[in-house]
1. Which residues, counting only those in the range 54-71, are at pLDDT below 90 and surrounded by fewer than 20 Cβ atoms within 10 Å (Cβ to Cβ)?
2. Only residues that are open to solvent by 10 Å² or more (accessible area, probe 1.4 Å), part of a helix (DSSP H, G or I) and either without any contact (Cβ under 8 Å) to a residue 12 or more places away in the chain or farther than 16 Å from Ala518 by Cβ (or both): list them for the range 602-627, please.
3. Being surrounded by 15 or more Cβ atoms within 10 Å (Cβ to Cβ), basic (Lys, Arg), modelled with pLDDT of 75 or more and in a loop (DSSP other than H, G, I, E, B), is that true of even one residue in the range 580-601?
4. How about the range 449-467: which of its residues are open to solvent by 40 Å² or more (accessible area, probe 1.4 Å) and over 13 Å from Gln407 (Cβ atoms)?
5. Just checking, does the range 360-367 include any residue being in a loop (DSSP other than H, G, I, E, B), in contact with a helix residue (DSSP H, G or I) (Cβ under 8 Å, 6 or more places away or on another chain), open to solvent by less than 10 Å² (accessible area, probe 1.4 Å) and hydroxyl-bearing (Ser, Thr, Tyr)?
6. What number of residues within the range 165-201 are without any contact (Cβ under 8 Å) to a residue 40 or more places away in the chain and assigned to a loop (DSSP other than H, G, I, E, B)?
7. Within the range 505-532, take every residue that is within 33 Å of the chain's Cα centre (by Cα) and assigned to a loop (DSSP other than H, G, I, E, B) and give me the one that is farthest from Pro603 (Cα to Cα).
8. Just name the residue that is nearest to Val350 (Cα to Cα) out of those in the range 389-411 that are open to solvent by 60 Å² or more (accessible area, probe 1.4 Å) and not in a helix (DSSP H, G or I).
Amino acid sequence: MLTPFLQAGAALLDQRMQLAEHDADLSVEEQEHVIHSVLLGQAVVTGLQAYAAGGDRELLELVNDLATTLDTIGPLGFAYLQRLGAINAAAGLDELQGVALLPEEYPHAVACVLRRAALAGCSVEPDAQARLDWAGYRPPAPEKDPLHPTRAALTPPATREPGRMAREQDLRRLAQSRLEGERNAALLLLHVNARDRLENAPLISVLDTAQVLLLSLRREHQDGADGAVTEALLGILGPLHQDLGAPVLPEARRFNRHQQGEVSFHSARARRLLRRLRAERRRGPTPQERRQHNALWDVLGALDRDLAAGLTPDPDLRAWLLVLGLQGLTTTARAPGMDLPPMVQLAAQVSGIDPLWAWERTQPRADLGADLHGALSLLVDCGQLLRLEGTGAWETWSGPVRRLVGQAAGHLFATARRAGLRLPEHGFLERSFGRFGPLRAVPLSAGEWEQVQDRYRAALQVAVETLTALHEQTDREETLQETAPDLSGHSPTETEPAAPKATPDSVALPAHVLAARARLAGGRVVLLGGVPSPHHHAALVRALGLRELDWIGSGEYAHGTHAHAHVTGDTAVVILAIRWMAHAHNTLRDVARAQDVPFVMHPGGLSPSSVAWQIMQQVSGQLDARG
């Protein structure tokens with residue numbers, strides 16, 4: 001049964017090679033992905049052949065890791081992962097989940113597969129070797145086993161919290177134990193201790209895995225082995241667990257009842273989790289995260305256009321910001337004291353959602369987290385169809401699209417209600433989405449879910465065709481305008497002087513600008529990002545009544561090494577213009593947080609109206625509390 005599947009996989013690899021050699025439209029990044037997919041795909045095929053010929057558990061682990069990595073860079077990995085699910089189950093490894101390899105580990109993983117294949121008596125066929133040669137494979141020297149990284153490679157960055165630095169030193173000392181289980185447990189606890197330096201780390205699972213490992217070590221030490229390091233680690237685990245609010249640790253509860261599994265098994269699980277934590281720190285955004293980011297930027301762009309035009313933002317935008325904020329939170333591992341990824345934090349701050357809303361119950365891998373994320377994704381996807389409004393297709397599709405949005409919203413509310421949760425600003429969201437039709441009382445059944453998906457796909461096809469045609473028409477019109485002859489009599493280099501813009505002295509300021517001005521008048525503000533301009537600088541100072549605006553351009557602040565020089569004791573607010581700054585804002589944000597200075601994550605343009613709206617939305621309560 002496996003041979004035809006592997007033969008089909010090899011044929012797909014040959015197609016990928018043909019694509020890279022003949023498709024001139026592939027970007028450099030796409031070509032690199034094709035080359036890596038051929039390298040990793042051939043390693044998966046060879047690894048499965050070797051496992052079928054008599055491979056061991058570690059070979060199967062490595063094949064899972066290769067397939068998981070392949071799935072992150074191209075379409076080939078999904079089929080392998082589906083087949084591996086059955087193979088893992090047959091081997092008694094139902095819980096085995098692949099860990100994405102780092103790019104520098106690719107040749108080492110391939111070398112490990114080839115070496116293990118040789119030990120299993122499985123030779124590499126000429127066609128397989130040709131694919132490896134085509135992908136540029138060269139045996140690494142010295143070879144390193146990617147399943148067993150060094151302790152240094154698995155150690156997280158050190159905490160910057162003064163109150164946790166002594167514990168950090170204790171854990172680093174204990175991580176030098178001669179027993180791998182104790183080393184792995186100490187490294188896991190280091191992640192919890194250094195959570196201020198991490199994002200999207202599943203700290204409940206980290207604590208749970210560490211406690212099970214340490215309890216299994218304690219059981220082993222009862223036979224007379226020295227258990228001082230284990231007891232010291234258990235003594236540190238308790239306070240760390242309390243720091244997070246003592247969340248339920250389900251695996252530890254089960255272990256206390258049944259005490260199953262040898263230390264070696266639990267230590268291997270801990271090592272895989274450590275590798276996954278390292279991969280999480282190093283990875284870029286996934287396709288799903290990119291889609292979420294694009295949807296968020298679309299809504300933020302519409303919000304900024306309203307503010308720049310002097311309009312009060314449409315309440316619908318606020319509703320979608322709340323939905324997108326919840327979508328980001330339910331796809332992100334959260335815990336007290338741990339930072340959020342920048343775009344998730346932005347969505348939470350702009351929408352006003354508590355980043356720790358239902359955090360224990362809505363972890364990404366938890367059942368409820370997965371259910372809520374599915375419901376939120378369905379609502380966001382259906383909401384994208386509202387872009388048809390104003391096009392020729394809207395008259396036909398307005399009814400079906402509105403019903404889809406209403407069904408998706410009702411499913412979301414019912415899913416949360418069944419779980420005993422109330423969504424942030426639940427009443428506002430129900431009113432906002434209630435206009436799309438009656439909201440259902442119970443979640444969609446499996447059959448209803450499929451029906452909604454079918455209707456969504458039909459509407460999506462129309463939306464793609466309609467909006468693509470509309471964009472092409474807009475592009476043609478813009479090209480015609482650019483190439484039309486200039487009949488004005490001006491030379492091509494002549495420019496009209498810019499018309500003077502209305503200033504806050506000559507027009508009535510919007511209410512949210514006046515509210516921000518009342519809180520900041522006479523104060524000092526630090527703005528990070530963009531290109532400082534005298535006009536915008538003066539407009540912000542004038543509109544907000546500032547004593548000083550310390551504006552640091554993006555080019556002046558690449559690494560954040562001089563953040564302390566800007567955030568002083570009299571700083572009222574720090575504004576982080578993250579559209580231009582990406583991760584470079586982290587140091588300034590951390591300094592502001594350490595000095596208890598409110599910080600605003602500003603995603604839009606730097607007009608006084610836009611900046612003031614974000615100040616009021618994100619930190620007005622903090623400013624009021626500071627007096």
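The values are calculated or read from the model by the stated rules, or taken from the named source; none is laboratory data. Predicted, not measured: the structure shown is a model, and the values here were computed from it. All Cβ positions, even for glycine, are placed from backbone atoms using ideal geometry, and neighbour counts span all protein chains on display. With ligands, DNA and RNA removed, areas are computed over all heavy atoms of the protein, side chains included. Shrake-Rupley method; radii C 1.70, N 1.55, O 1.52, S 1.80 Å.
1. Passing the criteria: Gly54, Asp56, Arg57.
2. Gln618, Gly621, Ala625
3. Let us first name the residues in the range 580-601 that are surrounded by 15 or more Cβ atoms within 10 Å (Cβ to Cβ), namely 580-581, 584-593, 597-601.
Now drop any that are not basic (Lys, Arg), which leaves 589, 593.
Among the residues that remain, those that are also modelled with pLDDT of 75 or more are: 589, 593.
Checking the rest, the ones that are also in a loop (DSSP other than H, G, I, E, B) come to none.
Scanning the range 580-601, I find no residue that is surrounded by 15 or more Cβ atoms within 10 Å (Cβ to Cβ), basic (Lys, Arg), modelled with pLDDT of 75 or more and in a loop (DSSP other than H, G, I, E, B), so the answer is no.
4. Arg457, Ala458, Leu460, Gln461, Val464, Glu465
5. Filtering the range 360-367 for residues in a loop (DSSP other than H, G, I, E, B) gives 360-366.
Imposing the further condition that a residue be in contact with a helix residue (DSSP H, G or I) (Cβ under 8 Å, 6 or more places away or on another chain) reduces the set to 360-365.
Subsequent filtering for residues that are open to solvent by less than 10 Å² (accessible area, probe 1.4 Å) retains 362.
Filter again for hydroxyl-bearing (Ser, Thr, Tyr), leaving 362.
Within the range 360-367, one or more residues are in a loop (DSSP other than H, G, I, E, B), in contact with a helix residue (DSSP H, G or I) (Cβ under 8 Å, 6 or more places away or on another chain), open to solvent by less than 10 Å² (accessible area, probe 1.4 Å) and hydroxyl-bearing (Ser, Thr, Tyr).
6. We begin by selecting, within the range 165-201, every residue without any contact (Cβ under 8 Å) to a residue 40 or more places away in the chain; these are 165-166, 168-169, 172-173, 175-176, 178, 183, 190, 194.
With assigned to a loop (DSSP other than H, G, I, E, B) added as a condition, the list becomes 175-176, 178, 194.
Looking only at that region, the number is 4.
7. Keep residues of the range 505-532 that are within 33 Å of the chain's Cα centre (by Cα), which gives 512-513, 516, 525-532.
Adding the requirement that they be assigned to a loop (DSSP other than H, G, I, E, B) leaves 529-532.
Working: Gly529: 10, Gly530: 11, Val531: 15, Pro532: 16 Å.
Across the range 505-532, the extreme among qualifying residues is Pro532.
8. The residue in question is Glu389.
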